[in-house]
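Report on the structure given below.
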Amino acid sequence: MVDFSEPSCDTERYVVVIGGMNMDICGRPNTAIVDRDSNPGKVSLSVGGVGQNMAQSLAHLGVPTYLVTVYGNDANGRVMERNCQENGIHLEYSKRLDDFRSSTYMFITDETGDMLVAVNDMDICEQITPSFLKARLDFINGAAICLLDANLAPETMEWIGDNVTSPLFGDTVSTIKANHFLPILNLSLIHN
């Protein structure tokens, strides 16, 4: 277990999270949904995304946490940026991009809260590229640990495996996206 209570070499120990940050939009009807119709209910907005969620959990535990992500220079991006500041998540190594919409995840549930359908508008996450991370590599390698979100592109994940020296941990997100970790797993250790 990593001890964050003691600084290392006169500098604060920290965690880096590389992954996505979304504006989540949830629609939940009051009663059983009627297809192809307007259903009364509640619509809520919240800041989410697998990377941001991991960063927020760590920050709430008092761990100095840096989220390395991208977000748009739009209303959602400004809300997400403010939310990170309020929750103690550092964004100094993230980037606000002028020409992209912030990542958005919209989902509709049934009246019990079970998801029926979702649309993800996460194209901006494709900008978390090896060249984007290379400019931040020294900082990433100085982290006590580095957490990864399986929404990262496989080529980005492979670059991380080849270049990041901090201990790597990941959130597989889903059974399909768990395969994004294959390029960085030492399968010989798993089979032995």
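Bear in mind these aren't lab numbers, they're just calculated from the coordinates by the rules spelled out. Everything numeric in this text was worked out from a predicted model, so none of it was measured. Because the Cβ atoms are built from the backbone with ideal geometry, glycine has one as well, and the counts that use them run over all protein chains shown.
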Original post:
Hey, if you drop one equal point scatterer on each alpha-carbon of the range 102-152 and run the Debye formula without solvent, what base-10 log of I(q)/I(0) do you get at q = 0.16, 0.23, 0.32 Å⁻¹?
Top reply: -0.67, -0.93, -1.17
**OP:** At q = 0.19, 0.20 Å⁻¹, what is the base-10 log of I(q)/I(0) for the chain according to the Debye formula with one equal point scatterer per Cα and no solvent? Please give it to two decimals.
**Re:** -1.31, -1.40
**OP:** Would you please name the GluC sites (Glu not before Pro) within the range 106-192 that are DSSP coil residues with at most 14 other C-beta atoms within 10 Å of their C-beta?
**Re:** Glu111
**OP:** Write down the radius of gyration of the range 67-171 and its Dmax, each obtained from C-alpha positions, in Å.
**Re:** 15.4, 48
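What is the calculated FRET efficiency for Val34 to Glu126, with r their C-beta to C-beta distance and R₀ = 35 Å, to the nearest 0.05? Walk me through the intermediate numbers first.
On the way: r = 36 Å, r/R0 = 1.04.
Efficiency at R0 = 35 Å is approximately 0.45.
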Original post:
For Lys42, which aspartates and glutamates qualify as cross-link partners when the Cα separation must be under 13 Å and same-chain residues fewer than eight apart are set aside?
Top reply: Asp110, Glu111
Original post:
Taking the Cα centre of the chain as the origin and placing charges on Cβ (Lys, Arg +1; Asp, Glu -1), which of Thr69, Ile108, Val17 is farthest toward the positive end of the dipole?
Top reply: Ile108
Subject >> For Val17, distant residues with modelled amide H under 5 Å away >> reply: Tyr66, Leu67, Val68, Leu147
Original post:
Relative to the longest principal Cα axis of the chain, at what angle does helix 75-86 sit, 0 to 90 degrees, rounded to 10?
Top reply: 50
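I want the local charge near Gln52. Using Cβ-Cβ distances under 14 Å, sum +1 for each Lys or Arg and -1 for each Asp or Glu among the other residues. Write out the running numbers ahead of the final one.
On the way: positive: Arg82; negative: Asp24, Glu81, Glu86, Asp149, Asp171.
Neighbour charge sum, excluding Gln52 itself: -4.
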**OP:** Using θ = phi - 60° and the Karplus relation 6.51 cos²θ - 1.76 cosθ + 1.60, list the HN-Hα couplings for the range 108-117 in order, rounded to whole Hz, with x at every Gly or Pro.
**Re:** 10, 10, 8, 5, 8, x, 7, 5, 9, 7
Subject >> Using θ = phi - 60° and Karplus 6.51 cos²θ - 1.76 cosθ + 1.60, couplings along the range 154-171 (whole Hz; Gly, Pro as x) >> reply: x, 5, 5, 4, 5, 4, 4, x, 7, 10, 8, 9, 5, x, 9, 10, x, 10
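Quick one: net charge of Gly20's neighbours, Cβ under 15 Å, K/R +1, D/E -1? If you can, show how the numbers build up before the last one.
Numbers: positive: Lys95, Arg96, Arg101, Lys177; negative: Asp24, Glu81, Asp121, Asp123, Glu126, Asp149, Asp171.
So the environment of Gly20 carries a net charge of -3.
Pop out the Kirkwood hydrodynamic radius of the range 120-192 from its pairwise C-alpha distances, inverse of mean 1/r, in Å to one decimal. Walk me through the numbers on the way to the answer.
Values: mean 1/r = 0.0773 Å⁻¹.
Taking every pair of different Cα atoms in the range 120-192, averaging 1/r and inverting gives 12.9 Å.
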